1. Being polar (S, T, N, Q) and over 29 Å from the mean Cα position of the chain (by Cα) is the filter here; which residues of the stretch 198-243 pass it?
2. When only residues in the stretch 124-161 that are of a type in the set (A, V, I, L, M, F, W, C) and more than 16 Å from Gly112 (Cα to Cα) count, which is nearest to the chain's Cα centre (by Cα)?
3. What number of residues in the stretch 89-119 are assigned to a strand (DSSP E or B) and of a type outside the set (Val, Ile, Thr)?
4. Could you tell me whether the stretch 190-198 includes any residue that is at pLDDT 90 or above, surrounded by 13 or more Cβ atoms within 10 Å (Cβ to Cβ), out of contact with any Phe, Trp or Tyr (no Cβ under 7 Å at 6 or more places or on another chain) and of a type in the set (Gly, Ala, Ser)?
5. Out of the residues in the stretch 106-119 that are in contact with a strand residue (DSSP E or B) (Cβ under 6 Å, 6 or more places away or on another chain) and within 16 Å of Pro284 (Cα to Cα), which is surrounded by the most Cβ atoms within 10 Å (Cβ to Cβ)?
6. Taking the stretch 40-54 on its own, how many of its residues are more than 20 Å from Thr266 (Cβ to Cβ) and at pLDDT 85 or above?
7. Which residues, taken from the stretch 67-82, are modelled with pLDDT under 80 and surrounded by 18 or more Cβ atoms within 10 Å (Cβ to Cβ)?
8. If you take just the strands (runs of 3 or more DSSP E) that sit entirely in the stretch 144-227, which of them hold at least 1 residues that are without any contact (Cβ under 8 Å) to a residue 60 or more places away in the chain and hydrophobic (A, V, I, L, M, F, W, C)?
Amino acid sequence: MFDTLTERLARTLKNLRGQGRLTEDNIKDSLREVRMALLEADVALPVVREFVEHVRERAVGQEVMQSLTPGQALIKIVHDELIKVMGESSEELDLNVPPPAVILMAGLQGSGKTTTVAKLARWLKERKKKSVLVVSADVYRPAAIEQLRVLAEDVGVHFFSSDVSQDPVAIAQAALEHARKQLLDVVLVDTAGRLHIDADMMDEIRRLHAALQPVETLFVVDSMTGQDAANPAAAFHAALPLTGVILTKTDGDARGGAALSIRHITGRPIKFLGTGEKTTALEPFYPDRIASRIMGMGDVLSLIEEAQHTVDHQHIEKFATKLKKGKGFDLEDFRDQLRQMRKMGGMAGLMDKLPGMSNVPEAVKSQINDRETQRLEAMINSMTPQERHKPDLIKGSRKRRIAAGSGTQIQDVNRMLKQFEQMQRMMKQVSKGGMAKLLRGLKGRIPF
């Protein structure tokens, strides 16, 4: 997400970093480029106008002109204004009510609403330690009820069964009563979506809201619709007291216009980002961290938090002990690292959060993707345990067998073994305490 905007802003602001003095002219030129970068990212025009005007007011004032490093001061101003546009701080779900807390999910059909219900249920269960009940009030799409049942089973939360012959309000009220009897903490209500906003849809969701009195009413919207995402959000907000927005499919959105437009137009905070298809692919929205990503500064805090929740720490400790004892890094260790990486959102998710990734050449970025890591794992899975522990055994006939077993070519196996050797050398440096030397040797390159 934000790839286009990050690249354009990086080019625009790079020239300012080394300048000892800023003038009206070069600030004007830079702001013109910032305006174009935002428009190309599909940010709504009123948002662009206000953003650029705020940056200009601060840039031509004493804040920049008297700075020892005016170029860097302007970069900080752009960063600060990005945070303001998206909301000064992260706004958490308000669950400080007598249980069960009701969360009503609204949105158009195709926005990923039902999947988002399952993602949020999982997040509440794993991160907030809440007992969760999910229910579908979508009686117009029978598959939606079955889809939610399967997803609820997958994430391990309670599911309240419903039927297309029932009234949506009656379904939701029965689910709420069931949650009370079972002493559950949260009820997530999935509502019907439409291809467009219509009177029937709005009337139904108003009735649901009136009957349930939810503590949170979240609007789920596809980020790939860009600034157009703000229009249905505004329509729903006019009909319902929305408390927040969840942006879905952000992993496929290279522009980021929706994230920069919705808060300004609706006045409602973005609370979560859907970052992939899996039920683990949901992360809280932090404006300051997103602004840092846009500016190419990375998001190390989110990376650390993700690692704390997803990485197998016992496994990491065993691995570290193994290296300290001088035992070599083998192909099973390599496979384990690939799996841990996938748990943390895959290569795309990692690259999005690492500082300085905007400076990595596109040719390098294009070679690093989750499909490639899956191919690497398939090749390692096609090996015998002996081959994984002693890669030197892998010669001609063994390479042919591994390629056939993993659906790859011999040259793919050769390439994988070469990448493994690079990782092996890196691990030797780490085990000898040579982290600084290792980082100098990498020079911004990534070994796979």
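The values are calculated or read from the model by the stated rules, or taken from the named source; none is laboratory data. Note that the coordinates shown come from a computational prediction; the quantities given were computed from them, not determined experimentally. In this analysis, Cβ positions are derived from the backbone assuming ideal geometry, glycine residues included, and neighbour counts consider all displayed protein chains.
1. Listed by number, the list holds a single entry, Gln213.
2. Leu124
3. Keep residues of the stretch 89-119 that are assigned to a strand (DSSP E or B), which gives 101-107.
Filter once more, keeping what is of a type outside the set (Val, Ile, Thr): 101, 104-107.
Total meeting the criteria: 5.
4. Looking for residues that are at pLDDT 90 or above, surrounded by 13 or more Cβ atoms within 10 Å (Cβ to Cβ), out of contact with any Phe, Trp or Tyr (no Cβ under 7 Å at 6 or more places or on another chain) and of a type in the set (Gly, Ala, Ser), one finds none in the stretch 190-198, hence no.
5. Val117
6. Within the stretch 40-54, residues that are more than 20 Å from Thr266 (Cβ to Cβ) and at pLDDT 85 or above number 2.
7. Pro70, Gly71, Ala73, Leu74, Ile75
8. In the stretch 144-227, 158-160 are the strands (runs of 3 or more DSSP E) which contain 1 or more residues that are without any contact (Cβ under 8 Å) to a residue 60 or more places away in the chain and hydrophobic (A, V, I, L, M, F, W, C).
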